[in-house]
Amino acid sequence: MLTRKQHELLQYLHRHLSSQGVSPSFDEMKDALGLKSKSGIHRLITGLEERGFIRRLAHRARAIEILRMPDEAAGRGSAAQTSPQGRFAPSVIHGGRSERAARPAPPLRPIPESDEAVVALPLYGRIAAGTPIEALRDDSSYLQVPQALLGRGEHYALEVEGDSMADAGIFDGDTVIIQRGEDAENGAIVVALVDGEEVTLKRIRRRNGAIALEPANRAYETRLFPPDRVQVQGRLVGLLRRY
């Protein structure tokens with residue numbers, strides 16, 4: 001079954017794809033449904049995908065395919081039915097009682113759109129040399145993390161590639177949570193952009209007017225740069241790992 005907001009989003013996606021030929025952005029979906037944050041849209045998209053109404057195409061931004069639409073002829077607010085052709089026809093939860101219901105259904109407790117116990121962070125690609133962070137942005141990829149892991153400010157997630165920070169407990173394939181910012185205290189682990197092209201995750205030190213980017217692996221060397229060649233793009237505040 002679909003919630004009212006899921007149904008509204010599915011109808012909006014169908015109209016937008018029919019008229020524009022491309023999926024709307026998360027910002028456009030947020031504005032169309034009157035939500036305050038893109039994390040609410042992410043939850044709705046995930047719900048529609050899990051129920052088999054849409055499919056997100058991998059490695060393509062703003063690529064959503066509608067697999068099926070709810071049968072509007074099915075009783076509004078009633079249980080899911082089978083169409084005359086024998087095809088499963090899900091109904092939409094609009095609230096209130098169904099006039100056709102033979103017996104009362106147990107009350108539903110939908111997750112409120114404003115629930116912030118879990119936050120959807122933009123998940124950028126694997127951090128790698130030669131790729132600025134903004135070039136990795138993919139508004140269709142999000143990672144849900146507990147609100148308790150985050151502090152104030154804006155955050156994003158990155159997949160780690162390589163073992164240069166292994167001695168700090170950060171391994172290849174880990175996902176790091178980064179608080180966006182342009183400054184960090186001495187000794188912090190940061191996402192640094194070098195010469196506007198190379199992105200790296202390293203510990204930052206300031207030495208005699210220079211910037212040192214230190215690995216946490218003796219197999220790699222510390223690199224020194226003039227301050228104008230290094231731009232901090234955020235600092236490490238959390239790490240997620242799957243076993």
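Things to note:
- Taken along the Cα-to-beta-carbon direction at a fixed 7 Å, the label points for SER19 and VAL237 span 3.8 nm.
- Taking the average, over residues, of other Cβ atoms within 10 Å as the packing measure, peptides 18-26, 38-46, 208-216 rank 38-46, 208-216, 18-26 from highest down.
- J(HN,Hα) series, segment 226-239, from Karplus relation 6.51 cos²θ - 1.76 cosθ + 1.60, nearest Hz, glycine and proline x: x, x, 6, 9, 10, 10, 6, 10, x, 10, 5, 10, x, 8
Readers should treat all values here as calculations from the given coordinates under stated rules, not as data from a laboratory. Predicted model, so just to flag it, every value in this text is computed and none were measured. For neighbour counting, all protein chains shown are included, and Cβ atoms are generated from backbone atoms with ideal geometry for every residue, glycine included.
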